[in-house]
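The values are calculated or read from the model by the stated rules, or taken from the named source; none is laboratory data. On a predicted model such as this, the values are computed, not experimentally measured, just so you know. Reconstructed Cβ throughout: ideal geometry from the backbone, glycine too, with neighbour counts over all protein chains shown.
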């Protein structure tokens, strides 16, 4: 794709780096911005830059946050001794959209996948174990994508905390095995949370 301006081409190339955005879509976005008021475009770019430079990760659950502790962990009306363990921030958003969960979260930052070079040490597993010990957590709900890597991660963490007096459950198999949690519809995800199973029963299934 030949463009009449290097500045335009550079902008298109940057937008095309976003997931799911091809060169044609990127060009439409850039041309749209060219039609906007300069102040609006400046505000847009400053907002993105500020988000990237100032956003933090919650020191307790590793969710995105504006401060050291996220709004969910800081909410006194949420069940603080109930933890939903998820793979990434998109999964927090997916569970929250069901409006069926009133506990807190713990974002692992991925799942154990040796083929991809991801081991337990690269995930926030140890902080989870420490948190469960210190906060006397009543229940952990594993809401990981139902695939081999997700099962491996559940098994590993279960072994790490099995000595603690904490109920361990996982969302029901309303989510298809091999599927991705973030693509599940809200009703299926809500039912999976409501019908969660003990991990021992889940692993033996």
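Under 20 Å from the mean Cα position of the chain (by Cα) and not assigned by TED's automatic domain parsing to the domain that holds residue 184: is that true of residue 125 in this structure? Break it down into steps so the answer makes sense when it comes.
Working: under 20 Å from the mean Cα position of the chain (by Cα): yes; not assigned by TED's automatic domain parsing to the domain that holds residue 184: no.
Criteria not met by residue 125.
Within the stretch 185-198, is there a residue that is within 24 Å of residue 77 (Cα to Cα), touching a strand residue (DSSP E or B) at 6+ places or on another chain (Cβ under 7 Å), at pLDDT 95 or above and assigned to a loop (DSSP other than H, G, I, E, B)?
So far as the stretch 185-198 goes, no, none of its residues is within 24 Å of residue 77 (Cα to Cα), touching a strand residue (DSSP E or B) at 6+ places or on another chain (Cβ under 7 Å), at pLDDT 95 or above and assigned to a loop (DSSP other than H, G, I, E, B).
Residue 89 - would you say it is assigned by TED's automatic domain parsing to the domain that holds residue 132, crowded, with 18+ Cβ neighbours inside 10 Å and in contact (Cβ under 8 Å) with a residue 24 or more places away in the chain?
Working: assigned by TED's automatic domain parsing to the domain that holds residue 132: yes; crowded, with 18+ Cβ neighbours inside 10 Å: no; in contact (Cβ under 8 Å) with a residue 24 or more places away in the chain: yes.
Taking the combined requirement at face value, the residue does not satisfy it.
Restricting the search to the stretch 120-144, which residues are farther than 19 Å from residue 92 by Cβ, in a loop (DSSP other than H, G, I, E, B) and either touching a helix residue (DSSP H, G or I) at 6+ places or on another chain (Cβ under 8 Å) or modelled with pLDDT of 95 or more (or both)?
Passing the criteria: only 138.
Would a scan of the stretch 117-128 turn up a residue that is closer than 22 Å to residue 182 by Cα, surrounded by fewer than 22 Cβ atoms within 10 Å (Cβ to Cβ) and in contact (Cβ under 8 Å) with a residue 40 or more places away in the chain?
Yes, that holds for at least one residue.
Determine which single condition residue 75 fails, assuming it passes every other condition in (1) within 29 Å of the chain's Cα centre (by Cα); (2) more than 14 Å from residue 104 (Cβ to Cβ); (3) free of Cβ contacts under 8 Å to residues at least 12 places away in the same chain; (4) surrounded by 10 or more Cβ atoms within 10 Å (Cβ to Cβ).
Status for residue 75: all satisfied but (2).
Which is loosely packed, with under 15 Cβ neighbours inside 10 Å and assigned to a loop (DSSP other than H, G, I, E, B), of 80, 99? Talk me through it step by step, then tell me what you get.
Details: 80 fails: loosely packed, with under 15 Cβ neighbours inside 10 Å.
None of the others qualify; the one that does is 99.
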